[in-house]
Amino acid sequence: MLPVVALVGRPNVGKSTLFNVLTRSRDALVADMPGVTRDRHYGICRIGERPFVVVDTGGLSGTEDAMDVLTAKQVRLAIAEADVLVFVVDARDGLLPQDDAILAELRRSGKPIVAVVNKTDGLDEQAVMAEFFAFGIGATLPLSAAHNRGTDDFLRVLLPLL
Ligand code: GDP
Ligand code: MG
């Protein structure tokens with residue numbers, strides 16, 4: 001069984017863009033595995049010779065509630081099947097209450113968490129990152145999925161957790 005890495009976060013933070021970067025430009029095949037829930041997409045990413053499964057959770061709710069029932073369900077499903085949780089947040093939106101709610105759910109799993117601060121392109125990276133260090137997650141990394149920047153550092157941090 002390959003290790004499973006789940007991308008989790010609010011809608012529109014760039015999870016699917018990161019998924020595409022990880023599964024396409026890193027070679028490998030984008031494989032929508034048959035028989036799985038429609039709101040989650042599965043692909044294969046490789047770090048060197050080390051393949052792992054990436055799960056893009058597409059079903060998170062768009063409501064402004066801290067975390068509604070559907071969101072909680074999706075997060076729980078992603079957590080259950082993952083070995084490592086990648087918590088994606090949006091540098092442009094800043095830290096929102098819904099991020100804290102999702103993170104609390106992730107933490108309850110006891111699984112390793114890497115936080116990715118996406119959309120840092122064009123921003124003052126240090127200022128943006130200062131805000132998100134409040135998560136208290138050791139591995140909190142700036143990234144721009146759309147510009148494919150920061151992915152190598154991200155994969156370097158991910159590798160020992162697989
Ligand atoms: P998801 O809902 O979390 O899967 O988010 P998407 O991957 O669908 O991206 C939401 C929007 O953010 C899209 O318009 C993307 O083009 C945009 N986006 C994603 N990554 C980046 C990034 O690194 N920088 C910027 N500026 N926009 C991004
Ligand atoms: Mg998506």
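Of all residues in the stretch 38-56 being charged (D, E, K, R) and exposed (fewer than 14 other Cβ atoms within 10 Å of the Cβ), which is modelled with the lowest pLDDT?
Narrowing the stretch 38-56 to residues charged (D, E, K, R): 38-40, 46, 49-50, 56.
Of the ones still in play, those that are also exposed (fewer than 14 other Cβ atoms within 10 Å of the Cβ) are 38, 49-50.
On the way: Arg38: 44, Glu49: 83, Arg50: 89.
So, considering only residues that are charged (D, E, K, R) and exposed (fewer than 14 other Cβ atoms within 10 Å of the Cβ), the one modelled with the lowest pLDDT is Arg38.
Would it be correct to say that Gly35 is within 12 Å of ligand 2 (Cβ to nearest atom), surrounded by fewer than 20 Cβ atoms within 10 Å (Cβ to Cβ) and either assigned to a strand (DSSP E or B) or modelled with pLDDT under 90 (or both)?
On the way: within 12 Å of ligand 2 (Cβ to nearest atom): no; surrounded by fewer than 20 Cβ atoms within 10 Å (Cβ to Cβ): yes; either assigned to a strand (DSSP E or B) or modelled with pLDDT under 90 (or both): yes.
In short, no.
Within the stretch 57-77, identify whether any single residue is more than 21 Å from Gly138 (Cβ to Cβ), β-branched (Val, Ile, Thr), within 13 Å of ligand 2 (Cβ to nearest atom) and at pLDDT 85 or above, and answer yes or no.
The answer is no; no qualifying residue exists.
Would you pick out the residues in the stretch 113-158 that are loosely packed, with under 12 Cβ neighbours inside 10 Å and either in contact with a strand residue (DSSP E or B) (Cβ under 6 Å, 6 or more places away or on another chain) or not acidic (Asp, Glu) (or both)? Give the derivation first.
The initial filter retains those residues of the stretch 113-158 that are loosely packed, with under 12 Cβ neighbours inside 10 Å, namely 122, 124, 126-127, 130, 134, 136, 138, 152, 156.
Correct list: Gly122, Gln126, Ala127, Ala130, Ala134, Gly136, Gly138, Arg156.
The values are calculated or read from the model by the stated rules, or taken from the named source; none is laboratory data. Note that the structure is a prediction, hence the values are computed from the model and not measured. A quick note on method: Cβ atoms are made from the backbone with ideal geometry, for glycine too, and the neighbour counts reach across all protein chains shown.
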